[in-house]
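> Dropping the structure in here first, questions after.
No value in this document is a laboratory result; all are computed from the given coordinates. Computed from a prediction, not measured in an experiment: that's the story for all the values here. Here the Cβ positions follow ideal geometry from the backbone for every residue, glycine too, while neighbour counts run over all protein chains shown.
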Amino acid sequence: MTSSMAALTRRHFLSLSNLHRSPPPYLFLRRFFSDENPRIPPQPVSYAVKPKPTPPEPSVKPEPPPPEPSAAAETAEQPLRQREFTREELRYMKDSPQITPVSYGVKVAPLPEDRTASLPEDTVAPTVTEGGGQLERESRMIRRVFRPTVRVEEVIEVPFPKLIKVDKTSKEKVVVDLQDAIRCVKANAKRNFDETLEAHVNMGVDRRRSDLGVSGAVVLPHGTGKSVKVAVFAEGSAADEARAAGADVVGGDELIEEIKTSGKINFDRCIATHSMMQRVTKIGRILRGLTPNAKKGTVTNNVSGAVQEAKQGLLDFRMKDAIVHVGLGKVSFTEEALQENVGAFVNALLLAKPPGLKKTSKYAGYVNSFHLCSTMGPGYTVSIQSLSRAADSYAKMHPK
């Protein structure tokens, strides 16, 4: 079968149509390995037997026999034969021989008074001979680690810093009588000019409500201590009455035009008749707080009386931010004069109480506190009882 296949293959590649092709490589390999190739006859191969290596003879030196121990050495080494391991190793062994307990002396930390009496470094404590040389080495190591040393340290005691906060609000407000407050104000007015006695009243009125506004005017019995320049807007006989009463500036339309043109005023009070009030409103922006007002008594036909009151000491007051600030005379006034001025102001303050305020009493819910002071001096809180007495005495002396 093999020879027929080889012949067909040779015929196929030797044909005219396959001359230009090269024979495939497996053809030669098939020839080479086929049985028809007589060039390479099979030949048997034999190898020599590899000899086994012979092991070298061991050169063992005979151990010398152990020396026979004496009876004293056997008794000394007998406890050591039971401990072939160290004490540290025996702790982790399950079936280890029992370890002989060792007791050490109680170590106490040296106190400062005992440090000077401690043992010197050259002194050696008694050794523990029980248990052999291992216990002795351990005791030496412990003595080396925990050897007491003499250290004298100077302890400086520093006080712990502490901040003391001063409570400024701890001082209670002292409320004094009206007469005592006036005396204290006069004693503490030490400036080189005549200071003014000022009153500051803290009102219990809601400032956001327009119907609860506090304002008014009062004529102080002893005046304010200031020279007041008064202007009167009047014509005819009213103008003559104003000049006779002591008015500083008197005029009608010509005075209004003069103020409107210049934009300046040279007076402290302004009074007008009812007939002139409509024309005076043209210069209201220039007059501002001096504009005549019927509630304050500056719009009236009794010109002479209004001028006399203004010269005598007419005081206008108005609440601002729930506080009323007024000047009630000079510190150079007598105590009685200042007390009467304070009484007149408190009486006018009660008369100006708004009707919409709840009326529990005269002062409760209306006047919270009343303070007196000089222009550049300390303030003093005045009791409401003394103010009520001063207001009642003024109302009795000046009935309407």
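> Zone of residue 202 (label point 7 Å along Cα→Cβ, backbone N under 14 Å): which residues in region 357-396?
365-372, 379-384
> Hey, another quick one. Can you list the residues of region 295-337 with backbone N under 16 Å from a point 7 Å past the Cα of residue 275, pointing along Cα to Cβ?
300-304
> Once R0 is set to 60 Å, what does the formula 1/(1 + (r/R0)^6) return for the Cβ-Cβ distance between residue 134 and residue 160, expressed as a FRET efficiency to the nearest 0.05?
0.70
> Continuing with this model, one more query. Among 339-351, 248-260, 276-288, how do they line up from the highest to the lowest mean number of other beta-carbon atoms within 10 Å?
Sorting 339-351, 248-260, 276-288 by mean packing, highest first, produces 339-351, 248-260, 276-288.
> Continuing with the same structure: Just how far, in whole angstrom, is region 378-398 from region 263-337 if you go by their alpha carbon centroids?
When both Cα centres are located, 24 Å separates them.
> Say R0 is 35 Å: what FRET efficiency, to the nearest 0.05, do residue 244 and residue 193 get from their beta-carbon distance?
Calculated value: 0.55.
> Report the extension gain between residue 334 and residue 180 in nm, rounded to one decimal, defined as 0.36 nm multiplied by the number of residues separating them, less their alpha carbon distance.
54.1 nm
> I've got another one for you. Under the Karplus relation 6.51 cos²θ - 1.76 cosθ + 1.60, θ = phi - 60°, what is the ordered set of whole-Hz ³J(HN,Hα) values for region 383-393, x standing for Gly and Pro?
The phi angles translate into 6, 5, 5, 5, 5, 5, 5, 5, 5, 5, 5 Hz.
> Could you give the alpha-carbon Rg of region 227-312 over 2.2 N^0.38 Å, rounded to two decimals?
Working it through for region 227-312, the quotient is 0.95.
> Report the local net charge at residue 195: Lys and Arg +1, Asp and Glu -1, summed over other residues whose C-beta lies under 13 Å from its C-beta. Before the final figure, lay out the partial values.
On the way: positive: 186, 190, 191, 226, 330; negative: 194, 198.
Here the charged neighbours net out to +3.
> Hey, which of these cross-link pairs are over 31 Å Cα-Cα: 264/295; 264/396; 226/320; 173/229; 282/362?
264/396; 173/229; 282/362
> Students often check this: by mean Cβ neighbours within 10 Å, which of 44-52, 319-327 ranks highest, and how do the rest follow?
Highest-to-lowest ranking by the protection proxy: 319-327, 44-52.
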